[in-house]
Every structure is written in C-alpha cells, then in structure tokens.
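*Asks:* Quick one: this structure, given as structure tokens, is what I'll be asking you about.
The values are calculated or read from the model by the stated rules, or taken from the named source; none is laboratory data. Fair warning: this is a prediction, and the values are worked out from it, not measured in the lab. Positions of Cβ are backbone-derived with ideal geometry, glycine not excepted, and every protein chain shown enters the neighbour counts. Ligands, DNA and RNA are excluded from the accessible area calculation, which covers all protein heavy atoms including side chains. Shrake-Rupley method; radii C 1.70, N 1.55, O 1.52, S 1.80 Å.
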Number of protein chains: 2
Amino acid sequence: MLERDMAQIQELINQQQWSELRDLFSQYPVPDIADLLMRAQQTDRVLLFRLLPRAISSDVFSYLESEDQNEILKGLTHEETRNLLLNLRPDDRTVLFEELPGRVTQKLLNLLTPEELEKTRLLLGYPEESVGRLMTPDYVAVRPEWTVGEALDHIRKKGRDSETLNIIYVTDTEWKLMDAVELHRFILADPRQKVAELMSHSVISISAFEDREEAVHMMLRYDILALPVVDSEGVLLGVVTFDDVMDVAQAEATEDFHKGAAVTPLKGSYRETGIWELYKSRIVWLLGLVVVNLLSLELMAYYEELLASTIALTFFIPLLLGSGGNTGSQSSTIMVRGLATGDIEVSQWAASLAKELIVGLALGLTMGLAGVVLGTWKGGLTIALIVGLTMLLIIVVANLIGVILPLVLTKLDLDPAVASNPLITSITDATGLLIFFAISRWILVWIH
Amino acid sequence: MLERDMAQIQELINQQQWSELRDLFSQYPVPDIADLLMRAQQTDRVLLFRLLPRAISSDVFSYLESEDQNEILKGLTHEETRNLLLNLRPDDRTVLFEELPGRVTQKLLNLLTPEELEKTRLLLGYPEESVGRLMTPDYVAVRPEWTVGEALDHIRKKGRDSETLNIIYVTDTEWKLMDAVELHRFILADPRQKVAELMSHSVISISAFEDREEAVHMMLRYDILALPVVDSEGVLLGVVTFDDVMDVAQAEATEDFHKGAAVTPLKGSYRETGIWELYKSRIVWLLGLVVVNLLSLELMAYYEELLASTIALTFFIPLLLGSGGNTGSQSSTIMVRGLATGDIEVSQWAASLAKELIVGLALGLTMGLAGVVLGTWKGGLTIALIVGLTMLLIIVVANLIGVILPLVLTKLDLDPAVASNPLITSITDATGLLIFFAISRWILVWIH
C-alpha cells in the first residue's frame, strides 16, 4: 500500500501541489505518515515535514528514527524547532535528547521554556533504562474529598493535552499517591458522590529508579493501562503508559535474543547500527569463546595417540559434539526464557533439575540408540559401543549444563542470558571431548 | 511478601476466621489473590475461593493456570459454576474452554444462558491463534448523528460491565465500524456537539481471522489501547484489549526463543508441561539434526588419509567448527529477530547481505589472525597457515549462511525462526569441514 502512495506523493511533490499533499497526508495514521516521510527522498523530507499540520507534526516526529530526527532538526528554523520541542510529549523529548549528540542536546535545551526545561532535566536525571526515563509528568490528579462533579470539572480544565486521561490519580495535599481510578468510573458515578467513594485503595505503583523491565512485569501482571511512578516518599512523579511499556518489552526481548546468540545488545535498530558497532558487538564474544575452545584443542592434543591409533573414532567427533551442543542450547534457552518471564523460579531449582534429569535421560537414550546404529554402520561393533555410550552421556551432561549454568548465574545476581547458545556449545564441546576420550580409552583397553 | 501473607492466611484458616480472611483478601490486587490461592494447600483452595466476594471471584479465576481452574471447578456446585461462568469475561471463558478437556467443556457449555452460549460459540468458532479467539464482544458503540450528551447517556446505561470503556466505537445502522473515539474526548466535548464532530475517520481495525501476532504488530505500531475487530464487510465484532495483546506478545516471544534453540514451542508454561511433552518437543529436532551432522561424518570418513597423515590438524577441528557455529548463530539470530520485529525487511535483502559481508570479513580477519597465532603456537607454520586461512573463510561463509537462510525461508513463506542456532551450527559444521579439508589439501600439496 505504502509503495503506491509513495509514488502518488512523489508525483504531487514534482507538481508542487502543496495543498493536495497536505490533504493526502491527513488521511493517514501518524505512524504511516512517519513511514512515508522516511521513504521520501532525502531532499524532500524537511519540505514534507513542514507541510504537516502543526497538531500532528510533533507526533510524527516522535515516530521517526533518531537519525532522521537529527536530519530534520538541521533543516528547521530556530522558531520551528522551538515549537516542535514544546509540542513533543516530555517522555518523547527525553528519548530525543538521549540519542542526539551532546552538543545538539545542549543547544536544544536552550530553546525550552524554563518550566519545560525543568521537566526535561528531571527526566534526564534518572539513570538510563530506569522507569524515570520512561515516564511522562502529564497526568491529572484529584483529591478524595472532592465530589465526582468537581473532579470532572477539574479533568475538563486540566485534561486538554494529557495523554493519560484514561486513569485519574487521587493524591493527598502533599501529592502522595492514594489511588488510581479509571476515568469511566467517574462518568458512571453520581456527580454528587465523593471521589473517596470510588476509591479501592489497592493502587499499584513503581519507583522512578526501578529498572524499566520491572515496569513491563508489573503491567503484564496487573493488566493496567498506566503505571503511576512515585519517589521514595510515595509522592506521584509521573506515569508510564502501556505504549511505552510495550516498546520496552519488545526492546528487552530483542536484547535477550541477541544475548542468547552471544551478541552484545545493539543500541539502536539493526538498520541504524553501523558496521563498526556490529563488529564490536560480536568480536568480543567470538574471541572470548576461542579461549573456551582452547580446552578442546588441548584435549585433542593430549589424546593424540588415541586419535592416531583409531582414526575412525575422529569421524564421530563433529556429530557427538554437535548433538551435545544442540541439547545444551535447548535446555539453556528454556531455562533462560523461563527465568525471564517468571515461569521458572530459582527457588524451585531442584524441581527443574529433577525434571531435566529425566528429560535428558530420555533424550540421551534415544540419541544413544541412534549413535549405536550409526556406529555399527560406519565403524563396527566397538565403535558402535563407544559412540552410543558417549552420546548418551554427552546428552545427559550437556542438558544439565544448560539447566545449571543459568540457575547459577541468577543465584550470583548475574544475567542468566549470559548462558548464550554459543557459550553453552563451547562448554559442552570441551566436556563432550572429555567424555568421548574417557569412554574410548576405557572400552579400547577393556576389549584388547 | 507473599510468603509472610501466606503464613497469616494459613493461621486464619486453622482458626476458621472466615470473615477476617475475607477482609484480608480484599486488600490485595486480583493477580496477588490468585497467587496466594495457588500457594495454599490443595484442600484449602476451593474453600478459599468460595470466600472471595462474588464481584472479584471470576476475575481471580481467570488469573489461575488451567490446571488449577479445572481443580476448582470440580469442587464447586452446579449453581456456583454457573455463576462463575456467567461472570467471566467472554474472552477469558474462551481460553478456559480451549484448555479444559472436551467432556468438561461440553458440560460447562450446558450451564450458559442461550445468549452467552452464542457469544462463546462465536469466539470458539475462530481458528486457534486467530484474533477472533482473543476478542471480547463487550464494547460500547454509538451513532454519528447522536449528540455527545446522548452518547454519554448511552455509555452510562450500557457501560456497567464493559472492560473496554476507554474507547467508544462509532458505527452506522448496519454496525459497520466508522471510527473509534477515546472516552475522554466525550467528556472534554460540549454535550450538544454531534458525535460526528469528534470523529477523525482514521480508525485502525483488524480482521477476526488474522493471526494474533498481527494484532501485536498493529498495537505496537499505532499505540492504541484496544483494537476493534471486524468481519470481511467491516462489521464490528469485538475488541482486542492491550492486556491480551501484551500476553500474546510475551507468548510469541517465548515461542521464538524456543524455536531459536530448535525446541518445538511448548503449549503451556514450563511448569505445566509434562516430561513426555518436553521430550517430544526436543527429540524431533535433535534426531533431525543428526541427519545434517551425517554430512560431517561422511566428510571426515572421506578425508581419512589426510587426517591420519597430519593428526595435528584434527586438534583444531572443534575450535574451527565451534567458531563458525558461533558466528552463524550470531548473524542468524540478528536476522530472525530483525525480521520478526520488522526492523529488517526481506525486500532490502541486498543491503543486509552487503553489510554482513563486510562485518563477516572484519570478524574473519580478526579470528583468522587469532588462528594464525594459535596455529603457530600449537603446530608450526604450515598448520598456522592452514588454521588461519580456514578460520577466515569459515567465519565469512558461516556469517553469510546465517544471513541468507532466514531471508530465503521468509521468501518461501516459511517461518525464518526455523533457522535455529542448532540448525545453523549443524550446517556450518559440514561447510566448515569442507573448507578445512580443501584448504588443508591444497596447502599440504603446495608445500611438498
């Protein structure tokens, strides 16, 4: 769809039909306008952006990637930039300032009114990836002693530009959060009722210093549209809304995917990430894993004679190590994800261990049987015995390594996602070789 | 916190302090009550559930895992079950009926009123994992020709038990969806205005037959609280709310994590999944990958003489194959996740390929250098040359395999997540051996 629209837009640009362009734009939802803008030729972008009705231009702006934002800012006048910044939601403004180069941010901060500057400084004062960075200070609060009618009047007066009007907060005179009441409960209530009568006194809130991932967990758990953010005294500071939290949830999942493949999480999107950044995010792990792989190298060198005497044995090394690595990747991924979603709890480690011991044994027996068949086919009975037994043991041990490592990491207050598939594979490779050589030597000695 | 509360609750149960128990419960948010219930002794669960005020008991019920739901249903009378079912939100009821054994579902369906039965049948009629299964038919719709005051009266009358009151839908006389207007816009508007004046005519909707993952993408993209669901004629059927979509987003991410480690996605939580299910979800892939690993076995057997003549070469096999597998896992994970979030588009495959070619070359050169150092240390100059060159080529090729396979799968309309780390590793193992033997033979011949 967007491809065809883009052609039409390009046509209108070429014909300089500005008012048609403006009309066409106003038919799209904001994220689609942002997309169209990014697909336009670079020279046309600022021009198209200027055409947007002022009411939506700041919304569109907040949907752009930071590179494109920077580029558009360069093309705007002082006054246009100022208007844009003042119309941006405080949380989107924080994100923008976070991602722009420091010099640019400083220049932009000078354009703000003292009041907006203070809001921005407040948000930027919280640590990266904290809830404080996500929140918006735009919310409407009422007092428990007001009537519903008074509260509705207040909402009408204050609410024009609040994006979080779906939930109204009740605070005491010191702005301490007392409750959160959905807007529709005000509408369904009798206007003469007191606000206090609508209160349930079971408000869920989060500290501004908490990790943003915790906001995701709380929203998933309590199914609330917006999470009020408080300081250590319980004073209401702002609100985190579901759309920000969904974005965070997706970003955190992406981080965990990358960690799972031993990639240091990328800061921006893949498209935005440069080659040097991509290289850096991967080479550290690859080189680090070489160190783990040195164990395998040493083991192979140590058992040189054994290898040389029965060269057919070496044929099975990639198969055996591969199968062990696959099994370990499976169990570690199940554990790491289970720990991340709360499905698996460290306190119940014994249950997980017992379960995986049985599953691993079942997998090991099946794979061991496959090993016996392959061994018989490719190398005779002795080889079959060695390959079958090694396979059984490798699978059971690799499976347990995949279970234990994430649990131990969590217990040590480290991120269980460090137990990435490549790390597990490298560890199970060395362990697998040890098992392989031990069993080979034992059986070869026993037979002769 | 819950541990301490649980002790207090157990105490109250032992002392048969029912009214205190009821008071204590009412202080907790619903998900916490569900947690406390599941932590209670099995014999006390039905008893505690009966104590819950009727207004929240069905909410608490919908937070329980399906096993616990089934257990509680067994302990309730006919009449209690009926009340519970009628109070459940239609979408939660659908989930319940989906997960219970068929016989039980049939029995429960008989308890519903004809009207509720029809709603449930409608939802259950949609395919699994479709949007139709997620939606709730509880929404409030108004007509464009009404005044805001009339609309608010209608909302007050209809809205008592609608969970989706934050957004009001505008339909024509044939229930075709015309627009979605946030509730607060009705409150901020003049009561004498027409509803039509509040409309923006840019409503986003989704088909009931669409995959539920599409609902996640749309909500993330358009930042809306609730997604209206329509049939092929545009008639409004129901609404999907953000809390259901967040749950789906998490479940889909978990599925992708499992696929990424070659585990067939589990149906329920890890805790609920039995040993046989876990075994099945993994053994198919492990055995399938053995077939891919047979290639490596064949290659090793084919180059037996080469291996026997320079046994020191074999020492490096785990290191070389391991590094190739790690590199392929990195690039395939970046691609698969990028494709899932829309960060990477198949249509721009050439850009991804070019980028990864350069990144792979940089990684390969660094790792190749490490290979030369290790080779010199462990086996002399000839080995160093072979290991270094092989490492360089393996890294570049493995990296490209990780990029190309997900793109090809997507292009073939298959799930790119099939390109799991274990599959990539098994493929890069065989490719890596091929490169290793080719380079070894070439250099050994060239030297002698």
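*Asks:* Rank A:Met38, B:Met300, A:Met6 by accessible area, highest first, at a 1.4 Å probe radius?
*Replies:* Heavy-atom accessible area, descending, gives A:Met38, A:Met6, B:Met300.
*Asks:* I've got another one for you. Report the Cα-based extents of chain B along its three principal axes, largest first, to the nearest Å.
*Replies:* So the extents along the principal axes, rounded to whole Å, are 94, 61, 39.
*Asks:* May I pose another question? Treating cross-link reach as a plain straight distance, find the aspartates and glutamates whose alpha-carbon is under 18 Å from the alpha-carbon of B:Lys280, omitting any fewer than eight places away in the same chain.
*Replies:* A:Glu356, B:Glu255, B:Asp256, B:Glu272
*Asks:* Shortest first, in nm, what separates the label point of A:Tyr302 from those of the same position in the other copies (7 Å along Cα→Cβ)?
*Replies:* List, nearest first: 3.3 nm.
*Asks:* As a test question: what accessible area, to the nearest 10 Å², does B:Trp18 have when a 1.4 Å probe is rolled over all protein chains in place?
*Replies:* 90
*Asks:* Quick one: accessible surface of B:Ile168, probe radius 1.4 Å, all protein chains present, in square angstrom to the nearest 10.
*Replies:* Using a 1.4 Å probe on the heavy atoms, I get roughly 0 Å².
*Asks:* Note down the nm distance, to one decimal, between modelled labels 7 Å out along Cα→Cβ at A:Ser347 and at A:Phe209.
*Replies:* So the label points at A:Ser347 and A:Phe209 sit 2.5 nm apart.
*Asks:* Something else about it: Could you work out the relative contact order of the stretch B:181-311? I mean the mean sequence separation of Cα pairs under 8 Å and 6+ apart, divided by the number of residues, in percent.
*Replies:* In percent, rounded to a whole number, it is 13.
*Asks:* Here's a follow-up. Assume the label is 7 Å from Cα along Cα to beta carbon: what separations in nm does A:Gly342 have to the matching positions in the other copies?
*Replies:* For A:Gly342, the inter-copy label distances come out at 2.8 nm.
*Asks:* Additional query: Rounded to the nearest 0.05, what FRET efficiency do A:Glu277 and A:Lys74 give with R0 = 35 Å and r taken as the Cβ-Cβ distance? Could you check?
*Replies:* So the FRET efficiency works out to roughly 0.95.
*Asks:* Based on the Cα atoms of the protein assembly as shown, what semi-axes does the equivalent ellipsoid have, where each is the square root of 5 times one gyration tensor eigenvalue, given in whole Å with the largest first?
*Replies:* So the equivalent ellipsoid measures 54, 36, 24 Å along its semi-axes.
*Asks:* With a 1.4 Å probe and all protein chains left in place, how much accessible area per residue does the stretch A:132-204 have, in Å²?
*Replies:* That works out to 45 Å² per residue.
*Asks:* Helix A:212-222 against the longest principal axis of chain A: what's the angle in degrees, Cα atoms only, rounded to the nearest 10?
*Replies:* 80
*Asks:* Further question: What is the P(r) of the stretch A:203-287, as percent of Cα-Cα pairs per 10 Å bin from 0?
*Replies:* P(r) over the stretch A:203-287, rounded to whole percents: 17, 37, 24, 18, 4.
*Asks:* Using alpha carbon centroids, what distance separates the stretch A:229-251 and the stretch B:7-21, in Å?
*Replies:* 36
*Asks:* Find the Cα radius of gyration of the stretch B:1-127, compare it with 2.2 N^0.38 Å by division, and give the number to two decimals.
*Replies:* Here the answer is 1.11, to two decimals.
*Asks:* So between B:Ser200 and B:Glu298, what do we pick up on full extension, going 0.36 nm a residue minus the alpha carbon distance?
*Replies:* Gain in length upon complete extension: 28.7 nm.
*Asks:* Quick one: among B:Leu365, B:Leu177, B:Leu134, which has the greatest mean-square fluctuation in a GNM of chain B with alpha-carbon springs under 10 angstrom?
*Replies:* Per the Cα network of chain B with a 10 Å cutoff, B:Leu365 tops the list.
*Asks:* Round to a whole angstrom and tell me the spacing of the C-alpha centers of the stretch B:112-158 and the stretch A:172-208.
*Replies:* Computed from Cα coordinates, the inter-centre distance equals 27 Å.
*Asks:* Which distance in nm do the two modelled labels at B:Leu357 and A:Lys176 give, with both placed 7 Å along the Cα-to-Cβ direction?
*Replies:* Spacing of the two 7 Å Cα→Cβ label points: 6.6 nm.
*Asks:* A further question on this structure: Please give the Cα centre distance for the stretch B:313-359 versus the stretch A:414-448, rounded to the nearest Å.
*Replies:* Spelled out, the Cα-based centre of one part sits 25 Å from the other.
*Asks:* What translational diffusion coefficient, in µm²/s and rounded to a whole number, does the Stokes-Einstein relation yield for the stretch B:288-447 at 10 °C and a viscosity of 1.306 mPa s, taking the hydrodynamic radius as the Kirkwood radius over Cα pairs?
*Replies:* For these conditions, the coefficient is 98 µm²/s.
*Asks:* Sticking with this structure for a sec: Tilt of helix B:90-99 relative to the longest C-alpha principal axis of chain B, in degrees (0 to 90, nearest 10)?
*Replies:* Long axis of B:90-99 versus the principal axis of chain B: about 50 degrees.
*Asks:* Stretched out fully, how many nm does the piece from A:Val445 to A:Trp146 gain, at 0.36 nm a residue minus the Cα gap?
*Replies:* Contour length minus the Cα-Cα distance gives 98.7 nm.
*Asks:* Would you compute the Debye intensity of the stretch B:1-63 from its alpha-carbon atoms alone, equal scatterers and no solvent, and pass along log10 I(q)/I(0) at q = 0.21 Å⁻¹ to two decimals?
*Replies:* Rounded to two decimals, the profile gives -0.77.
*Asks:* Rolling a 1.4 angstrom probe over the protein chains, ignoring ligands and nucleic acids, what is the accessible area of A:Glu20 in square angstrom, nearest 10?
*Replies:* Spelled out: A:Glu20, probe radius 1.4 Å, area about 80 Å².
*Asks:* Just to confirm, what accessible area per residue do you get for the stretch B:288-447 at 1.4 Å probe, in whole Å²?
*Replies:* It amounts to 37 Å² per residue over the stretch B:288-447.
*Asks:* Roughly what would the spin-label model give for A:Asn110 and A:Glu20, points 7 Å off Cα along C-beta, in nm?
*Replies:* Computed distance between label sites A:Asn110 and A:Glu20 equals 4.3 nm.
*Asks:* Once every DSSP H run of n ≥ 4 in the protein assembly as shown is given -39500 (n - 2.57) and the sum is divided by its residues, what mean residue ellipticity at 222 nm do you get, rounded to the nearest 500 deg cm²/dmol?
*Replies:* It comes out at -21500 deg cm²/dmol, rounded to the nearest 500.
*Asks:* What are the label-to-label distances in nm, one decimal and shortest first, from A:Gln27 to the same spot in the other copies, with labels 7 Å along Cα to Cβ?
*Replies:* Copy-to-copy label distances for A:Gln27: 5.9 nm.
*Asks:* Under 30 Å Cα to Cα from B:Lys107, which lysines show up? Leave out anything in the same chain fewer than 8 places away.
*Replies:* Counting by Cα, and skipping residues close in sequence, B:Lys107 has these lysines nearby: B:Lys74, B:Lys119, B:Lys267.
*Asks:* Also, I was wondering about something else. Bin by bin, in steps of 10 Å, what percent of the Cα pairs in the stretch A:141-247 do you find, going until the bin that has the longest distance?
*Replies:* For the stretch A:141-247, the binned pair fractions read 15, 47, 32, 7, 0 percent.
*Asks:* Separate question: Take the Cα atoms of the stretch A:355-420, find their three principal axes, and give me the spread along each one in whole Å, biggest first.
*Replies:* Cα spread of the stretch A:355-420 along its principal axes, largest to smallest: 49, 20, 13 Å.
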